[in-house]
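For reference, the structure discussed in these notes is given below.
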């Protein structure tokens, strides 16, 4: 791994943590709540797309009376 790869990984980790803070009440389980891809220990989603998919699904569940 070169310095650029290490920098990209750091940016990705920060992004994942920032995205996960929106759903801090979800326990970090080591995998994405949307696609089940493995993620680092503090993340809940592997990327922005999965976060958006999860939020759309949760909104649909709430609208159908099946959510919180």
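Computed from the coordinates by the stated procedures, all read-outs in this text should not be read as laboratory data. Model, not experiment: these values are computed from the prediction.
The stretch between residue 36 and residue 13 holds 6.6 nm of extra length on full extension. This uses 0.36 nm per residue minus the Cα-Cα distance.
The slack in the chain from residue 56 to residue 26, taken as 0.36 nm per residue of separation less the alpha-carbon distance, amounts to 9.2 nm.
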